[in-house]
Protein chains: 2
Amino acid sequence: MSEPAPATSGSPRRGRPGYDQETVLRRAIELFNEQGYDGTSMGDLARELGFSKSAIYHHVPSKTHLLSLALDEALDGLTRVIEEASNDAAGRTAYARLRQAVHRSVEVLVEHQPAVTLLLRVRGNSEVERAALRRRREIDARLAALVKEAIDEGSLRTDVPPALVSRLLFGMVNSLVEWHRAGGGVEGQQLSEAITTIVFDGLALDQPHQS
Amino acid sequence: MSEPAPATSGSPRRGRPGYDQETVLRRAIELFNEQGYDGTSMGDLARELGFSKSAIYHHVPSKTHLLSLALDEALDGLTRVIEEASNDAAGRTAYARLRQAVHRSVEVLVEHQPAVTLLLRVRGNSEVERAALRRRREIDARLAALVKEAIDEGSLRTDVPPALVSRLLFGMVNSLVEWHRAGGGVEGQQLSEAITTIVFDGLALDQPHQS
């Protein structure tokens, strides 16, 4: 990552458009994940980036703003997944759309892992966090509705309560933020395949398929 | 939970045997989970229990000691699971023993949820935490070996890498500490059944079983 030039002008513009704020945001997300959002000050972030404590405000207006950008990044990615799963609902089974949603969710988690990690740790301590939790609950509700639709069309087993299916499914998906490391030998595509295969087709071979 | 009587004697014995330390431990685990281990002082804990800051040391020797007890509670439960899965290895298939291990892991998580939640958040910031991480890695390695054994005997599909299977399987199991609430309508037995059914038998019905 190249180091941004410290802002030297007194201009109210916040650094060079795009680039500086993006660099600050990436480092902020890392720090929030390492030491907690509440445990990270703008001073910590400035020090990490080699800015003075006042110069950082040329790049971003506030710590809350950085949190909001980070959570939106994760939520926008996951919202796109559920939007895609709603597309062409007449032409594809709920099963096909759910399977795609699981597959794509894993890709989003891998691609935006630091931002999603932050999102999954949000507990609702501020209005920005509560707004993020509301968006997350809405996504969860749409995914749960898709699970229900797939059960109703006869594609999924009925001996596991639908509300549990959605939680456990995305419990497995979300767990990867805890151990997946980019470049650690397991690629996003392989993870997506592994997760969709396990949850839809099951691990067992030659065992009685209890349906 | 009944409130323990504050220790009034200057005796070096740590409260009444068993009872007091247990009460302190339960409240300590809750506080560690709510506000973080590093963010919780013995003063906070004393205040929660209605003790003076010095009286708490009649009940427990240190904050580290409480952490150690909590992590051992979780690790002892999970160790019993893998020990049980190793029993009667000649008389049962690896598949049967793995399926039982998954089932029992869920029960341990539900039964000891606060202690397991704490364990899953440990990052290795002290010797007690590092010792817990070593025990956890050993349990993970034994579970991964059991997955490998089940694959080798031909019970599990081979198109998902064995190292991933174990991580994803217990990723789903561990995820329940984030959302399961005792008395929330889903009981431990139902959760165990749901998880083992999903991961071994798969969610899909009437879809091509890709083996």
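Each value in this text was obtained by applying a stated rule to the coordinates, not by laboratory testing. Note that the structure is a prediction, hence the values are computed from the model and not measured. Quick reminder, even Gly has a Cβ in these numbers, built from the backbone with ideal geometry, and neighbours come from all protein chains shown.
Observations, loosely collected:
- Between A:ARG134 and B:LEU205, the distance separating the two model label sites (each 7 Å from Cα on the Cα→Cβ line) works out to 3.8 nm.
- Amide hydrogen proximity for A:LEU156: with H placed 1.01 Å from N in the peptide plane, the residues at 5 or more positions away or on another chain lying under 5 Å are A:ILE151, B:LEU205.
- Between helix B:94-111 and chain B there is an angle of about 30 degrees, using the helix long axis and the longest principal axis of the Cα atoms.
- Acute angle (nearest 10 degrees) that the helix A:127-152 long axis makes with the longest principal axis of chain A, alpha-carbon atoms: 20 degrees
- Rounded to 10°, Cα long-axis angle of helix B:19-35 versus longest principal axis of chain B: 70 degrees
- Whole-angstrom gap from region A:18-59 to region A:145-198, using each part's C-alpha centre: 34 Å
- Farthest toward positive dipole pole in region B:96-176 [+1 Lys/Arg, -1 Asp/Glu at C-beta], among B:ALA131, B:LEU168, B:ALA96: B:ALA131
- Charge dipole magnitude, Cβ of K and R +1, D and E -1 - region B:19-61, Cα centre, debye nearest 20: 140 debye
- Using a Förster distance of 22 Å, the FRET efficiency for A:GLU127-A:ASP38 (Cβ separation, nearest 0.05): 0.90
- Inter-copy spacing of B:ARG130 label points, which lie 7 Å from Cα along Cα→Cβ, given in nm from shortest upward: 4.3
- Value of [θ]222 nm, deg cm²/dmol, for chain B, DSSP H segments ≥ 4, -39500 (n - 2.57) each, nearest 500: -20500 deg cm²/dmol
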